[in-house]
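**Q** For reference, the structure I am asking about is given below.
Read-outs: derived from the displayed coordinates by stated rules, not from any lab. Here the structure is a predicted model, which means the values were calculated and not measured. Note that we place each Cβ from the backbone using ideal geometry, even for glycine, and neighbour counts take in every protein chain shown.
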Amino acid sequence: MKKVILGLLIFLELGFSQISGSIMGEELNRLQESIEEKENYLVVDLRDITEYKKGHLKHAINIPLNSLNQNFDFLNTTREENIILISNEIKDIKNAANILTQANIKKKIIVAPDLNTYNYTLYKQKNIKGKDLQALADKGEVIILDARLKEDYVKAHFKNAINVPEAKMTPEILDHIKKASQNGKKPIVTHCYRGNDGNKLSQIMLKEGFEDVTNSVDGTKEFNFHFNE
């Protein structure tokens, strides 16, 4: 009941004209774990990069409040129909909702300002969208880990990508990754079909001591990547 009341207060505080609704911790946690529903929601973490790196929601991307105006085109064209704004400051949520409304962002704006009031499972890898993974792959300056099944990897993949099917790490694959990345000196980027195995693989890499680890929340079933091998 306390959560429901908090949600209503936030909704009233921000104003009905600016947002489509609010979402509380339990529901947002469920959405993040749902492979199907995750595709309809883009979670935008409005905190600064330092706070974001300390821990964020599973598929949340970081767009600090002071950078929103530089991301209008991206937010208008992203495939997700709903944008969930999250922070630990209600005033930041309110400001973000105002900014996006005034910019005529053609998405449903949903607020979830309860990072400090719900016991989420938090993650420390960086999250990026498919277009960002494509750009990194084209530059060839990162080590890409492909968590898709071997048969799909063999058909086509990013140049020099290392296959870790279903994020099932082996000592041999880990040794290969260490050598390719010069023991972690090169950034690691993971991807898969829908972002979930990529996320799982990114957690493995962090536990193995790799520090610069990124996961693409868009997988091959959600973004049309241009593979070159």
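**Q** Starting from the Cα of residue 107, draw a straight line to each of the lysines and keep only those under 26 Å, dropping any in the same chain fewer than 8 residues away.
**A** 3, 38, 58, 91, 94, 126, 129, 131, 221
**Q** In addition: Tell me whether region 18-103 comes out rounded, prolate or oblate; compute the Cα gyration tensor, take square roots of the eigenvalues as a ≥ b ≥ c, and use a/c under 1.5 as the rounded threshold.
**A** Rounded.
**Q** Along Cα→Cβ, 7 Å out, is where each label goes; now give me the distance between the ones at residue 135 and residue 72 in nm to one decimal.
**A** Label-label distance for residue 135 and residue 72, simple model: 1.9 nm.
**Q** About the Cα centre of the chain, how large is the charge dipole given +1 on each Lys and Arg Cβ and -1 on each Asp and Glu Cβ? Please answer in debye to the nearest 20.
**A** 200
**Q** Right, another one. How far apart, in nanometres, would the label points at residue 50 and residue 224 be if each is projected 7 angstrom from Cα along the Cα-to-Cβ direction?
**A** Distance between label points: 4.2 nm.
**Q** Below 8 Å, C-alpha to C-alpha, sequence gap of six or more: please give me the relative contact order for the chain in percent.
**A** Taking the mean separation of contacting Cα pairs over the length of the chain, I get 18 percent.
**Q** Quickly rank 211-221, 179-189, 57-67 as a protection proxy: mean count of other C-beta atoms within 10 Å, highest first. Intermediate results must be reported in sequence, preceding the final value.
**A** Numbers: 211-221: 21.6, 179-189: 15.7, 57-67: 19.1.
Highest mean packing first, the order is 211-221, 57-67, 179-189.
**Q** Can I get the semi-axes of the chain's equivalent ellipsoid? Compute them from the C-alpha gyration tensor as square roots of 5 times the eigenvalues, in angstrom, largest first.
**A** So the three semi-axes of the chain are 33, 18, 15 Å.
**Q** Could you give the distance between the Cα centres of region 107-147 and region 171-199, to the whole Å?
**A** Centre-to-centre (Cα) distance: 16 Å.
**Q** Among rounded, prolate and oblate, which fits region 112-200 when a ≥ b ≥ c are the square roots of the eigenvalues of its C-alpha gyration tensor, a/c under 1.5 means rounded, and a/b larger than b/c means prolate?
**A** Verdict is prolate for region 112-200.
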